[in-house]
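Notes follow once the structure below has been shown.
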2 protein chains.
Amino acid sequence: MSRRIPESTVRRLSHYLRSLEDLGGEGGQTVSSEELAERGQTTAAQVRKDLSHFGSFGKRGLGYRVEELRSRLRHILGIDRTWRVALVGAGRIGSALFAYPDFNVRGYDVVAVFDNDPEKIGRTWGEVTIRSSDELERVVRDTGAELAILAVPAPVAQELAQRVVSAGVKGILNFAPIRLRVPKDVPVEDVSLVMELEALSFAITQAGAVDE
Amino acid sequence: MSRRIPESTVRRLSHYLRSLEDLGGEGGQTVSSEELAERGQTTAAQVRKDLSHFGSFGKRGLGYRVEELRSRLRHILGIDRTWRVALVGAGRIGSALFAYPDFNVRGYDVVAVFDNDPEKIGRTWGEVTIRSSDELERVVRDTGAELAILAVPAPVAQELAQRVVSAGVKGILNFAPIRLRVPKDVPVEDVSLVMELEALSFAITQAGAVDE
DNA sequence: CTACTTTTGTGAATCTTTTCACAAGCAACT
DNA sequence: AGTTGCTTGTGAAAAGATTCACAAAAGTAG
């Protein structure tokens, strides 16, 4: 039951949660750390250690009750509530995200969409109207958005990051290929497709190089 | 100049490379580990340690020649060549990726696109015709695709992963929210938007909880 | 050529994360 | 109630990653 939680632990928690959901989990069904490990590509000891940071939810000799562990994890991850999300950038990536089904299911509710293309401003996506980024501060405040997804080109990402933060956003999911500078109490998660691809080509190249 | 390279090092290398590219880098311009650190949100010692895994490219008292380090990094990351990519899934995410500008620039060339929607099969995107996934093995082999991007729903991802691998693909970028089972010499990079968002809501929630 | 400044490359120290290993707890059965 | 079988929770050990700190190079100036 410690204080500082490793980033890698958090990612695994997400994964355990997904496994639990796949597992269905009617009534008093239980699951062992061993089973979770297998599904999560890790070890049983790791699963138990990860969970032990937050308390002890299992029963010895029996395992974890699926239903209970699931709701505990949702609470730990902070998704036992709805998060209001501002989507900044209504281009290709923005629209793909908006349509992403798991999104709403998991408690993320896109309450505002911004773009600076006059062609797009005023159109509606589902219930939401695309706004000019000129209105960003006002709309973010009015809608009470707490998260921002930045799906905009690199050159404008930094400016928009500052603006959403000053309008009250508490965390940013960033698709632009730059390191955003924001106050350090505002967490930023970067999604960089190029970086992922490079990790992949590195891994492939490296694997080949072992034989040399 | 060691053997096993930490995953985190690889990601930082990607980042250094991006910084070097931003830096322009005409002629004999140089950059110090300190400068790279600043841009990469890390420390100078970390930069030097990361690079030292692969040799020593700097000049003491002077730093690294931008142009040279850039091409070294491109070589290390395995992107001093073109990678032929098969894009599996022509839905929202697939099309966003296809249009992603950095993609071609960075040496990733989409040589085949697959979908199983009869509406989409036969259409062309740029130079590439969308094929039925029935033809996957043949087309992957014919085009010599080495990487696959899986942008398909979770239920079919595992099957398609196996099929691209058996057709000769050497690495997979996976957007489906499941852990793929593939031979262990085939690297898989997962991109999970939900996981990123959950890491974000955890961080925000946690930050608040410190005050309690 | 010598002194001075700068910045790398790297062992050693520190800090973090993972793995090990086992006592303690729980359920089921006799 | 006692025994057996299983699985958690957790200190302690091991492995891994980062930071420190400094000698060794390289350029520059006098």
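The values are calculated or read from the model by the stated rules, or taken from the named source; none is laboratory data. Please read these numbers as outputs of a predicted model, since none were measured by experiment. Glycine also receives a Cβ, built like all others from the backbone with ideal geometry; neighbour counts cover every protein chain displayed.
Table: residues versus (1) assigned to a helix (DSSP H, G or I); (2) more than 13 Å from DNA strand C (Cβ to nearest atom).
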| site | (1), (2) |
| --- | --- |
| B:Arg4 | no, yes |
| B:Arg18 | yes, yes |
| B:Glu21 | yes, yes |
| B:Val47 | yes, no |
| B:Gly61 | no, no |
| B:Arg74 | yes, yes |
| B:Ile93 | yes, yes |
| B:Ala96 | yes, yes |
Quiz item: Considering only segment A:89-104, how many residues are over 16 Å from the mean Cα position of the chain (by Cα) and either closer than 23 Å to A:Arg3 by Cα or more than 9 Å from chain B (Cβ to nearest Cβ) (or both)?
Solution: 2
Exercise. Find all pairs meeting these conditions: Cβ atoms under 6 angstrom apart; at least six residues apart or on different chains; first residue within segment A:127-141 and within 15 Å of A:Gly94 (Cβ to Cβ); second residue crowded, with 20+ Cβ neighbours inside 10 Å.
Key: A:Val128/A:Val113; A:Ile130/A:Ala90; A:Ile130/A:Val113; A:Ile130/A:Asp115; A:Arg131/A:Phe114; A:Arg131/A:Val139; A:Ser133/A:Phe114; A:Leu136/A:Phe114
Quiz item: Among the residues of segment B:53-61, is any among the charged types (D, E, K, R) and within 14 Å of DNA strand D (Cβ to nearest atom)?
Solution: yes
Quiz prompt | Selection count, segment A:67-77, where residues are at the interface with chain B (Cβ under 10 Å from one of its Cβ atoms) and surrounded by fewer than 21 Cβ atoms within 10 Å (Cβ to Cβ) | solution = 2
Quiz item: Just checking, which of A:Gly94, A:Gly40, A:Gly55 is of a type outside the set (D, E, K, R) and on the phi > 0 side of the Ramachandran plot?
Solution: A:Gly55
Quiz prompt | Selection count where residues are exposed (fewer than 15 other Cβ atoms within 10 Å of the Cβ) and not small (Gly, Ala, Ser), scope segment A:2-13 | solution = 4
Self-check item: Residue among A:Tyr64, A:Tyr16 that is within 11 Å of DNA strand D (Cβ to nearest atom), buried (at least 17 other Cβ atoms within 10 Å of the Cβ) and either away from every other protein chain (no Cβ under 14 Å) or in contact (Cβ under 8 Å) with a residue 12 or more places away in the chain (or both)
Solution: A:Tyr64
Quiz item: For segment B:166-200, what are the residues that are at the interface with chain A (Cβ under 7 Å from one of its Cβ atoms), of a type outside the set (A, V, I, L, M, F, W, C) and touching a Pro at 6+ places or on another chain (Cβ under 9 Å)?
Solution: B:Lys170, B:Gly171
Quiz item: Applying the selection to segment A:49-58, what residues are crowded, with 16+ Cβ neighbours inside 10 Å, in a helix (DSSP H, G or I) and more than 9 Å from DNA strand C (Cβ to nearest atom)?
Solution: A:Leu51
Quiz item: What about B:Val47, is it within 11 Å of DNA strand D (Cβ to nearest atom) and within 17 Å of B:Glu21 (Cβ to Cβ)?
Solution: yes
Exercise. Taking B:Gly107 as the residue in question, decide whether it is closer than 22 Å to B:Leu23 by Cα and within 17 Å of the chain's Cα centre (by Cα).
Key: yes
Quiz item: For segment B:78-88, which residues satisfy the criterion of being more than 8 Å from chain A (Cβ to nearest Cβ) and buried (at least 18 other Cβ atoms within 10 Å of the Cβ)?
Solution: B:Val85, B:Ala86, B:Leu87, B:Val88
Self-check item: Filtered residues of segment B:157-212 (kept if over 19 Å from the mean Cα position of the chain (by Cα) and within 14 Å of A:His15 (Cβ to Cβ))
Solution: B:Leu197, B:Glu198, B:Ala199, B:Phe202
Exercise. Would you check if B:Val156 is closer than 26 Å to B:Thr82 by Cβ and among the β-branched types (Val, Ile, Thr)?
Key: no
Exercise. Take the residues in segment B:21-46 that are at pLDDT 95 or above and closer than 17 Å to B:Arg74 by Cβ, then tell me which one is nearest to the other protein chains (Cβ to nearest Cβ).
Key: B:Leu36
Quiz prompt | Residue list for segment A:53-93, filter: closer than 26 Å to A:Gly171 by Cβ and among the hydroxyl-bearing types (Ser, Thr, Tyr) | solution = A:Ser71, A:Thr82
